[in-house]
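K.L.:
I'd like to ask you about the structure that follows.
Coordinate-derived values only; no laboratory data. Model, not experiment: these values are computed from the prediction. Here the Cβ is made from the backbone with ideal geometry for all residues, glycine too, and neighbour counts use every protein chain on show.
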Amino acid sequence: MDHFKYYHTHLNKYKTSVKHLYKQMATLSVLRLFVFVLAGFCIYFFFGNWPIAVSLAILGLVIFLYLLSKHTAIKRQRDFNKALVTINEEEIKIVNGDFHDRDTGLEFQDPNHFYSLDIDLFGHGSFFQCINRTSINEGTGLLAHVLKANNVHDIEKRQNAIKELGAKIEWRQHYSANAKLIHVETPAKHIVNWLKQHNIFLPKVMAWFPLVFSVMTIILFLVTVLGLVSNQALIGYWLFVGLGVTGFYVKKINNLASNSSKLRDTFRQYAALLDLIEKETFTSSLLVEKQKLIQSGDQQASTIFTSFSKSLDALDNRNNLIGAIFGNGYFLTNIKNSYKIERWIDAYRTKASDWFEVVAFFDAYNTLGNYAYNQPSFTFPKIVNNGAIIKAEGLGHPLLSKEKRVTSNLFIDNEQFFIITGANMAGKSTFLRTVSLHIVMANVGLPICAKTSIYSPVKLITSMRTTDSLTDDSSYFFSELTRLKYIVNAIQKESYFIILDEILKGTNSTDKAIGSRKFVEKLVASKATGIIATHDLSLCEISNALQQVKNYYFDAEIVNDELHFDYTLKTGICKNMNASFLLKKMEII
């Protein structure tokens, strides 16, 4: 089914479900009110016959609680379907190019990174803003890390995982809907750190002591009620014994409760997500590996998380005044619940980080699978270990619509260097970002915007958007030199695909020409591969001396006193520049 049609069909389906569930909730609310009124009337009517009145009260309470439980379950289903409605509405908007109100991911942009500042990876209208569908903070962070990783290993493994998740659209949407249902306040890394650093304070004797104490409490109650002891004050003294035992640990229990109360929603959410991962069948090696990470003996991670969440809920109920006094005094409930939590921490503190990591992994990779599903016309590049770095047919920019996108063929061999010239606005910078995104997306394992592509994996490094810094008291030119030095140092350690856009803009034209030429010569001598865009036509003369250097250009024509661009990459050197024409056209000169 076409992805656009799928979103529309399921949007209507989930909207219908939400309406139906609303009606069920309303019906149950009316029934609860009816049961409450009827029970009250029956109790009043049979007030003189207390056995019947009590029986009817108990029956009414049971029915009322059943209806309340049913209402809560249906409300959960309604919220789940509402989340699915939102997901499909957002997909329809994004398919239509409306994604500029979404998270920009600017906090992940790093000016010192290999390429993230230069290629519109983060920010308004960025690749991240377009593809991001993560629902939890850890998944968002992992997605940003994956896009910035510059990882050239195991690409086909990632491709297979993304292909498989791309095909599991219903599972992906259910995963996202579950992740959106609960608001999580505490980041997973804080939870993992707390679990690792927590010092166990309850001795192992507390495994059975609260149970023995509770049995003794029940026995004491029975003998007191049956009149087998003459001093009925014993039951009161016993209460203070229990409160004294609890009081010995009260400070540490309160500290445990204070920390653990922040975790309940997180563990409840993660239990639901782990359950989805456990129950799904995966075939690609990467997804199977991640699924195995959450296995812990015979117990499922989701069950372990749910158990811990219930223990946290039980300890959180300690603030009830009656429960705090009588529960702790007679049954040591705080000690019993705290002991369960500490046993869980002791058993799973080292394993929990794997479970959190797996949930974040699927959150991030669902985004990648969703992107692959939304781009059926894109292609997964064929990965080769030698030959051309990129051999692509119909290569275009993935963020441009099909109507605006102009594609080009690109064949760049290992250790080749392209010099691209062209008029202003002819498409040089867009082409550089197109090639950059091809490399980044291919390394991630995503399909790229091309008809076909054969790709020999390589890391990317760029210099396209250098800025001066008032804070660091550095000039624009010095910032450029710093970036170029960074590139030179990097390529001495390993191979990179280098992309440069009009370097040495911060100096005069003579220095710029000489410096640019010497820099390109140095890169070629270092056996580097890459592309540089420039307005300096004299730089193209390097190709006469160095066979590794090839000249390409983007052209502009003046037709009927209007500029015309075809945005097509051509072999050779650009002859038509347009600065003077534009100045005249805009009546500046």
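K.L.:
When a/c reaches 1.5 or more, the comparison of a/b and b/c decides; with that in mind, is the stretch 1-98 rounded, prolate or oblate per its Cα gyration tensor?
P.N.:
Details: a/c = 5.81, a/b = 5.18, b/c = 1.12.
Taking the square roots of the gyration eigenvalues as a ≥ b ≥ c, the stretch 1-98 is prolate.
K.L.:
Under a Cβ-only charge scheme (Lys and Arg +1, Asp and Glu -1), can you give me the dipole magnitude of the chain about the Cα centre, in debye to the nearest 20?
P.N.:
Around 1760 debye, computed over the chain.
K.L.:
Distance from the Cα centre of the stretch 186-262 to that of the stretch 116-136, in angstrom?
P.N.:
With the stretch 186-262 and the stretch 116-136 each reduced to a Cα centre, they are spaced 51 Å.
K.L.:
Now for a different question. Evaluate E = 1/(1 + (r/R0)^6) for N254 and K351, where r is the Cβ-Cβ distance and R0 equals 25 Å; express this FRET efficiency to the nearest 0.05.
P.N.:
0.40
K.L.:
Sorting I439, I573, I169, I52 on the 10 Å Cβ count, fewest up front, what's the list?
P.N.:
I52, I573, I169, I439
K.L.:
What is the calculated FRET efficiency for L220 to N12, with r their C-beta to C-beta distance and R₀ = 51 Å, to the nearest 0.05?
P.N.:
The pair L220/N12 has a calculated efficiency of 0.20.
K.L.:
Compute the length gained on full extension between Q295 and F41: take 0.36 nm times their separation in residues and subtract their Cα-Cα distance, giving the result in nm to one decimal. Don't jump to the answer; show the numbers that get you there.
P.N.:
Details: separation 254, 0.36 × 254 = 91.44 nm, distance 5.42 nm.
Here the answer is 86.0 nm.
K.L.:
Moving on to the next point. Which lysines have a Cα less than 19 Å from the Cα of K19, not counting those fewer than 8 places away in the same chain?
P.N.:
K70, K75, K82
K.L.:
Is the C-alpha gyration tensor of the chain telling us rounded, prolate or oblate? Criteria: a/c under 1.5 is rounded; beyond that, a/b larger than b/c is prolate, otherwise oblate.
P.N.:
prolate
K.L.:
Right, another one. Quick one: of the DSSP bridges fully inside the chain, what percent are antiparallel, nearest 5?
P.N.:
45 percent
K.L.:
Where the convex hull is taken over the Cα atoms of the stretch 181-364, what is its projected area averaged over directions, in nm²?
P.N.:
With the hull built on Cα positions only, its mean projection is 12.7 nm².
K.L.:
Can you work out the PRE-style zone for N112? Point 7 Å along Cα to Cβ, and I want the residues of the stretch 486-500 with backbone N under 13 Å.
P.N.:
Of the residues in the stretch 486-500, 486 have backbone N under 13 Å from the label point off N112.
K.L.:
Something else: For helix 169-181, what angle does its Cα long axis make with the longest principal axis of the chain, in degrees from 0 to 90 and rounded to 10?
P.N.:
Taking the Cα atoms of the chain, the angle to 169-181 is about 60 degrees.
K.L.:
Given Cβ point charges of +1 (Lys, Arg) and -1 (Asp, Glu) and nothing else, what value in debye, to the nearest 20, does the dipole of the stretch 1-98 about its Cα centre take?
P.N.:
220 debye
K.L.:
If I take every Cα pair under 8 Å that is 6 or more residues apart in the chain, average their sequence separation and divide by the length, what percent do I get for the relative contact order?
P.N.:
15 percent
K.L.:
What percent do you get for the relative contact order of the stretch 1-98 when only Cα pairs under 8 Å and 6+ apart count? Display every interim value, and only then the final one.
P.N.:
Details: 63 pairs, mean separation 48.3, N = 98.
With pairs under 8 Å counted, the relative contact order is 49 percent.
K.L.:
Give the shape of the stretch 319-387 as rounded, prolate or oblate, defined through the alpha-carbon gyration tensor: a ≥ b ≥ c are the square roots of its eigenvalues, a/c under 1.5 means rounded, and otherwise the shape is prolate if a/b is larger than b/c and oblate if not.
P.N.:
oblate
K.L.:
Rounded to whole Å and sorted largest first, list the principal axis extents of the Cα atoms in the stretch 25-70.
P.N.:
That gives 36, 15, 6 Å along the principal axes, largest extent first.
K.L.:
Where in the stretch 137-159 does the label zone of K493 land, with the point 7 angstrom along Cα→C-beta and an amide N cut-off under 14 Å?
P.N.:
Under 14 Å, as judged by backbone N against the label point of K493, lie 150-151 of the stretch 137-159.
K.L.:
Mean residue ellipticity at 222 nm from the helices of the chain, using -39,500 (n - 2.57) per DSSP H segment of n ≥ 4 over the full residue count, to the nearest 500 deg cm²/dmol?
P.N.:
-18500 deg cm²/dmol
K.L.:
If you don't mind, there's one more thing I want to ask. Please go through the residue pairs K148/K505; K148/K340; K451/K518; K290/K340; K292/K336 and name each one whose alpha carbons sit more than 30 Å apart in this structure.
P.N.:
With Cα atoms farther than 30 Å apart: K148/K340; K451/K518; K292/K336.
K.L.:
Here is the link list: K391/K485; K163/K279; K13/K310; K391/K575. Which ones come out longer than 31 Å on Cα distance? Could the numbers behind the result be given before it?
P.N.:
On the way: K391/K485 29 Å; K163/K279 19 Å; K13/K310 34 Å; K391/K575 27 Å.
Over 31 Å Cα-Cα: K13/K310.
K.L.:
Sticking with the crude label model, points 7 Å out along Cα→Cβ, report the distance from F326 to K310 in nm, one decimal please.
P.N.:
Distance between the two pseudo-spin positions: 2.4 nm.
K.L.:
Between T27 and R76, what is the spin-label point distance in nm, taking each point 7 Å from the Cα along the Cα→C-beta axis?
P.N.:
About 2.1 nm, to one decimal.
K.L.:
In addition: Under a no-solvent Debye model with one identical scatterer per Cα of the stretch 115-197, what's log10 I(q)/I(0) at q = 0.16 Å⁻¹?
P.N.:
Per q value, in the given order, log10 I(q)/I(0) is -0.88.
K.L.:
Which FRET efficiency, nearest 0.05, do D98 and W208 yield, Cβ-Cβ r, R0 60 Å?
P.N.:
0.45
K.L.:
How long is the gain from A545 to I235 if the chain were fully straight, where each residue apart is worth 0.36 nm and the alpha carbon distance is subtracted?
P.N.:
Between A545 and I235, full extension yields 101.4 nm more.
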